[in-house]
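K.L.:
Okay, handing you the structure first.
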């Protein structure tokens, strides 16, 4: 029996919950499945509506993690199962090898000698990376990772030889860790809804249809194009861009709920495009612009004032291929009536958020039909594992979750 | 006498690029008792090497010269030993590849960083935390609505006592005065009974919670851990009402001349007639450790004559809030007693001009309109009709299910449209003209009543509410940036207000659903608990929670200039009659803005002060006869600009080897004396890299970088008077993700300085 708290997920919400609980004095285990902390927001270029970089807040939270003796964290690790009841959970964790040691923070040499390339998942496959890599420039932990696929290959040997002795360790194996904790905070977050599931939107069939998360990576200085938004077919900056709102969300065949953030994400991405070119024509197909609250409404007002942005109320129902790799978006114009067609050089699907629970549920945690976690006394969801929310609400929800977890520990101690 | 061990990492290209033997000799010359190198310093063997010296050789000051301090975080951590980390990898070797042919420059750069770190390590002292003995463990909650009640109950559940102060005579606020409530969790499709009465009952039964209704906070004085709260009956004046300082305008006379200190004092006293001085102690005050500000919101009621096209002023046109009052009383009826069987809800007042909602509207407005539409259908199931005219139905997240659940009701008519006119239809009702609707074209409907979906105005928009008895005044500062919400400006850290120990929650922070209010009250309760612990053990609160140090003042040399008391972004400093600052470590966030502000250089921390940084600057070697080797200092914000430099270096960006980087806590902590030190040591330029400021400021200490920017103007003036080009000192704003630009910013500055030639005072 231990008085500790497990936080599953090291994204924005999990980090917040972990540091807030630890700064109250509780022992915290933080488990992240990627090989870096920061989760979804680490992939974002800016936050709406302030247009500030997410890494700014992450940097502070990383420092809080680094300097707090109460936090033990694992990256590249998954929680396989949670069993027990309030105040007493047995948890099984698998930590996967990175095939490097923590002091391996400069993989440049290994990168130079590696000859193979794999799709870069951090950039949603927009570019490739070497099998030895730093997950991203602001990665925490700042430790290189080697793909399991090169273990015991010539490529692996070359990498090992190029790196300082002792920094590569191909003998590493999966490690199983069993913990007993008093409370579990679930901060497993979300994945962008799989756009290939929406046949009519033709994602994956036409090269110049991308998702909103891909735009985030393109716009990021650490992305595939050093921050330049381009159309994949010819790498040129698009002169016309169409945003398809509710790509999956508010749709009973896909995600029946509203994903909260996609409208504002589109407004934000319009500011990226505008910053890159004063001439880009932008059209947004929407059902409702969901910019709730004064801050968000003011942001909408600001973007709406841009004369080169057109908002059309109508859901995109069909997509055709146009000339020169262009994409034709076809929607029912619910105001003007009739069908409206717009040919754009680049189409952006504002795909919604699907909770991890819908894709990779954890044994011992209960989920609702959408995949969101059902709260229990000792199992406390926060952020987007609980319901679709923005970042500021995630901060609120994960701070609250930390107190709820602390209460569980207190009840047990009393 | 401290014993310094300096350890040089020679891996990752450092050993090849630099003359390590020369660096070793230099470190010894500079006073390091032990100097060692290791090509895998961060490996267990390397760490052991240092540990052995600490344990067996008595080393108590360690310099690690190697990778950026940001990457190593737990290995070199020995109790009682001060560890200084200087980056030879990112700031020297990676950012200055030797194939540029400037090996000599790069070596000199490394040598200067060794000198600077030695200068620092010789002067640092270990922090001695300012601990508060037995801080109050009780939390004051201002406001007894959902957020406040949730905070109280959650605190009680965590073992903490609290007192709720509520202006009204009952707890519950608006949430207690509603007929039905929108859901706070699954299932999201059904209206539920209000939860407020249940919370009130729980509070009344909880021995850890004290409730003071009909009561207001006159003032709150002193510090987290030991706040003194003076209460009063709601709505009355009290001698303990917090005094209000003079505004900047009030400090000048009619002719624009600044009033003398004495005249200002007179004016201040007149303004605060009948109020006790802010430093006066109220012996009847109650003691609290922390505060949750949950004072909520007020309904927006349009002024007379506003929204004429919506017939505001007609007795049958009401706000959503007034409609709820009607619904709470019984069946929906009009002022004249007639049953309101058909009701139109107007969500967006802009007619065809724009598609925005009412001021201070939010998701709550949309969700409430749906709820109210449902009331009408519940009251008149046979022939009731609800029309909701919206531009954007804002039911985010799972509230979409609530919206969906209403769409199949035949008596519910929901459409996008521009409401262009509401007028008396001459038959005792109202006609509502709507254009551009979803069902095609324009329409006019006759209804019994029209409801405007108005917003929720935060209580802090018009009043201080919290009423601090602080030198800087009773209110949170700069709330106009957030339209009056008591917001923090930080998306990542919403609870970090500009006053340590006070955490805003609920509608005062932003418009929220009841579900959000409960969560928010819980979050704020946690922050309140944290601050109680922080003051007890003496560490800072966010963002420097690891910091056990606090600023020390050497009062003998204080000239009462008031800069520190006025500039502190967190209002941590009070003062006495004469204007001598009174530090309040428990309110302090340790940004060092006071240190940067002080012209007498009397404020500092144990490991970060005027002398330490000044010594670092003076230890930079400045060749006085080599025009190829001009020297600049770059003060870099450690939170954002410094990481940007790290990443730039790791991505192969390089910059000129002439400047020397000095990380600072915040640009606000940069004292002008350091700039003078640099210029008088013959350096040729000073660059400051800090966070963006302005409305969307990114400075973690809210005002630091902006204040530094203001000070730059004074620096420019004094440089000019010396005959030195003012362009030699410059401030640039960078974000943490400007790693693609930061090297260019440095290079541009260097080029500009090189263009000006050497500092005219070089060598003097």
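K.L.:
Out of all the residues in segment A:203-226, which are modelled with pLDDT of 95 or more and over 18 Å from the mean Cα position of the chain (by Cα)?
P.N.:
A:203, A:204, A:205, A:206, A:207, A:208, A:209, A:225
K.L.:
Ok, one more. Out of A:253, A:279, A:306, which single residue is away from chain B (no Cβ under 12 Å), more than 21 Å from residue A:346 (Cβ to Cβ) and not in a strand (DSSP E or B)?
P.N.:
A:253
K.L.:
Would segment B:553-564 turn up any residue that is at pLDDT 95 or above, part of a strand (DSSP E or B) and surrounded by fewer than 24 Cβ atoms within 10 Å (Cβ to Cβ)?
P.N.:
Yes, segment B:553-564 has at least one match.
K.L.:
Something else now. Could you tell me which of the residues B:151, B:156 is within 14 Å of chain A (Cβ to nearest Cβ), surrounded by fewer than 21 Cβ atoms within 10 Å (Cβ to Cβ) and not in a strand (DSSP E or B)? Working first, answer last.
P.N.:
Working: B:151 fails: surrounded by fewer than 21 Cβ atoms within 10 Å (Cβ to Cβ).
Step by step, each of B:151, B:156 is checked, and only B:156 is within 14 Å of chain A (Cβ to nearest Cβ), surrounded by fewer than 21 Cβ atoms within 10 Å (Cβ to Cβ) and not in a strand (DSSP E or B).
Yes or no, residue by residue, for (1) closer than 23 Å to residue B:515 by Cβ; (2) within 25 Å of the chain's Cα centre (by Cα); (3) outside any helix (DSSP H, G or I):
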| site | (1), (2), (3) |
| --- | --- |
| B:163 | no, no, yes |
| B:171 | yes, no, yes |
| B:198 | yes, no, no |
| B:203 | yes, no, no |
| B:235 | no, no, yes |
| B:238 | no, no, yes |
| B:241 | no, no, yes |
| B:246 | no, yes, yes |
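K.L.:
Right, something else. Of the conditions (1) part of a loop (DSSP other than H, G, I, E, B); (2) modelled with pLDDT under 95; (3) more than 9 Å from every other protein chain (Cβ to nearest Cβ), residue A:371 satisfies every one except a single condition; which number is it?
P.N.:
So the condition that residue A:371 fails would be (2).
K.L.:
Also, I was wondering about something else. Say we look at segment A:36-65 and pick out the residues that are part of a strand (DSSP E or B) and facing another protein chain (nearest Cβ under 8 Å); which of these is nearest to the chain's Cα centre (by Cα)?
P.N.:
Initial filter on segment A:36-65 (part of a strand (DSSP E or B)): A:38, A:47, A:52.
Now drop any that are not facing another protein chain (nearest Cβ under 8 Å), which leaves A:47, A:52.
Values: A:47: 13, A:52: 17 Å.
Among those that are part of a strand (DSSP E or B) and facing another protein chain (nearest Cβ under 8 Å), it is A:47.
K.L.:
Go through segment B:136-148 and count every residue that is part of a helix (DSSP H, G or I) and either within 12 Å of chain A (Cβ to nearest Cβ) or over 16 Å from residue B:507 (Cα atoms) (or both).
P.N.:
Residues meeting the conditions: 1.
K.L.:
Among the residues in segment B:55-76, are any away from chain A (no Cβ under 11 Å), assigned to a helix (DSSP H, G or I), surrounded by fewer than 19 Cβ atoms within 10 Å (Cβ to Cβ) and out of contact with any helix residue (DSSP H, G or I) (no Cβ under 8 Å at 6 or more places or on another chain)?
P.N.:
Start the filter on segment B:55-76 by keeping residues that are away from chain A (no Cβ under 11 Å), which leaves B:55-65, B:76.
From the residues that got through so far, the ones that are assigned to a helix (DSSP H, G or I) too are B:55-56.
Keeping just the survivors that are surrounded by fewer than 19 Cβ atoms within 10 Å (Cβ to Cβ) gives B:55-56.
Filter again for out of contact with any helix residue (DSSP H, G or I) (no Cβ under 8 Å at 6 or more places or on another chain), leaving B:55-56.
Looking through segment B:55-76, at least one residue is away from chain A (no Cβ under 11 Å), assigned to a helix (DSSP H, G or I), surrounded by fewer than 19 Cβ atoms within 10 Å (Cβ to Cβ) and out of contact with any helix residue (DSSP H, G or I) (no Cβ under 8 Å at 6 or more places or on another chain).
K.L.:
Consider residue B:367 carefully, then state whether it is within 14 Å of chain A (Cβ to nearest Cβ) and touching a helix residue (DSSP H, G or I) at 6+ places or on another chain (Cβ under 9 Å). Don't jump to the end; show me each part of the working.
P.N.:
Working: within 14 Å of chain A (Cβ to nearest Cβ): yes; touching a helix residue (DSSP H, G or I) at 6+ places or on another chain (Cβ under 9 Å): yes.
So residue B:367 fits the description; yes.
K.L.:
In segment B:570-599, which residues are at positive phi and either in the same structural domain as residue B:488 (by TED's automatic domain parsing) or at pLDDT 95 or above (or both)? Lay out the reasoning, then the answer.
P.N.:
Pass one, segment B:570-599, residues at positive phi: B:571, B:579, B:590, B:592.
Scanning segment B:570-599 gives B:571, B:590, B:592.
K.L.:
Of the conditions (1) surrounded by fewer than 15 Cβ atoms within 10 Å (Cβ to Cβ); (2) touching a helix residue (DSSP H, G or I) at 6+ places or on another chain (Cβ under 9 Å); (3) farther than 28 Å from residue B:389 by Cα, residue A:302 fails just one. Which one is it?
P.N.:
Answer for residue A:302: the failing condition is (3).
K.L.:
How many of the residues making up segment B:79-93 are assigned to a loop (DSSP other than H, G, I, E, B) and either at pLDDT below 95 or within 32 Å of the chain's Cα centre (by Cα) (or both)?
P.N.:
The total comes to 2.
K.L.:
Pick from segment A:309-341 the residues that are free of Cβ contacts under 8 Å to residues at least 60 places away in the same chain and in contact with a helix residue (DSSP H, G or I) (Cβ under 8 Å, 6 or more places away or on another chain): which of them is nearest to the other protein chains (Cβ to nearest Cβ)?
P.N.:
The qualifying residue nearest to the other protein chains (Cβ to nearest Cβ) is A:311.
K.L.:
I need the full set of residues from segment B:403-429 which are within 14 Å of another protein chain (Cβ to nearest Cβ), assigned to a loop (DSSP other than H, G, I, E, B) and out of contact with any strand residue (DSSP E or B) (no Cβ under 6 Å at 6 or more places or on another chain), in order please. Give the steps one after another, and end with the answer.
P.N.:
Of all residues in segment B:403-429, those within 14 Å of another protein chain (Cβ to nearest Cβ) come to B:403-405, B:407-408, B:414-418.
If we keep only those that are assigned to a loop (DSSP other than H, G, I, E, B) as well, we get B:407-408, B:417.
Within segment B:403-429, B:407, B:408 qualify.
K.L.:
Could you check residue B:190 against (1) part of a loop (DSSP other than H, G, I, E, B); (2) under 17 Å from residue B:506 (Cα atoms); (3) over 31 Å from the mean Cα position of the chain (by Cα) and say which number it fails?
P.N.:
(2)
K.L.:
Sticking with this structure for a sec: Here is a list of conditions, (1) more than 25 Å from residue A:193 (Cα to Cα); (2) surrounded by 24 or more Cβ atoms within 10 Å (Cβ to Cβ), and residue A:32 meets all of them except one; can you say which number that is?
P.N.:
That leaves (1) as the condition not met.
K.L.:
Being closer than 30 Å to residue A:270 by Cβ, without any contact (Cβ under 8 Å) to a residue 40 or more places away in the chain and surrounded by fewer than 17 Cβ atoms within 10 Å (Cβ to Cβ) is true for just one of A:119, A:69. Which residue is that? Can you show your working first?
P.N.:
Working: A:69 fails: closer than 30 Å to residue A:270 by Cβ.
From the options A:119, A:69, the qualifying one is A:119.
K.L.:
Residues to consider are A:376, A:320, A:386, A:339; find the one that is over 30 Å from residue A:280 (Cβ atoms) and surrounded by fewer than 17 Cβ atoms within 10 Å (Cβ to Cβ). Step through it out loud before you land on a result.
P.N.:
Values: A:320 fails: over 30 Å from residue A:280 (Cβ atoms); A:386 fails: surrounded by fewer than 17 Cβ atoms within 10 Å (Cβ to Cβ); A:339 fails: over 30 Å from residue A:280 (Cβ atoms).
Residue meeting the stated conditions: A:376.
K.L.:
Follow-up question, since we're still on this one. Which members of segment B:350-362 meet the condition of being surrounded by fewer than 24 Cβ atoms within 10 Å (Cβ to Cβ) and on the phi < 0 side of the Ramachandran plot?
P.N.:
Of segment B:350-362, the ones surrounded by fewer than 24 Cβ atoms within 10 Å (Cβ to Cβ) are B:350-356, B:358-359.
Passing the criteria: B:350, B:352, B:353, B:354, B:355, B:356, B:358, B:359.
K.L.:
Now a separate question. Which of the residues belonging to segment B:23-45 are free of Cβ contacts under 8 Å to residues at least 12 places away in the same chain and either part of a helix (DSSP H, G or I) or touching a strand residue (DSSP E or B) at 6+ places or on another chain (Cβ under 6 Å) (or both)?
P.N.:
First pass over segment B:23-45, keeping only residues free of Cβ contacts under 8 Å to residues at least 12 places away in the same chain: B:25, B:28-29, B:43-45.
Matches in segment B:23-45: B:25, B:28, B:29, B:44, B:45.
K.L.:
Sort out for me the strands (runs of 3 or more DSSP E) sitting completely within segment A:66-165 that have 1 or more residues that are touching a helix residue (DSSP H, G or I) at 6+ places or on another chain (Cβ under 7 Å). So that I can check it myself, show each step before the final result.
P.N.:
Working: elements: A:71-74, A:77-85, A:88-95.
Of the strands (runs of 3 or more DSSP E) lying wholly inside segment A:66-165, those with at least 1 residues that are touching a helix residue (DSSP H, G or I) at 6+ places or on another chain (Cβ under 7 Å) span A:71-74.
K.L.:
When residues of segment B:430-469 are filtered for being under 30 Å from residue B:587 (Cα atoms), surrounded by fewer than 24 Cβ atoms within 10 Å (Cβ to Cβ) and within 14 Å of chain A (Cβ to nearest Cβ), how many remain?
P.N.:
Within segment B:430-469, residues that are under 30 Å from residue B:587 (Cα atoms), surrounded by fewer than 24 Cβ atoms within 10 Å (Cβ to Cβ) and within 14 Å of chain A (Cβ to nearest Cβ) number 2.
The values are calculated or read from the model by the stated rules, or taken from the named source; none is laboratory data. Predicted model, so just to flag it, every value in this text is computed and none were measured. Positions of Cβ are backbone-derived with ideal geometry, glycine not excepted, and every protein chain shown enters the neighbour counts.
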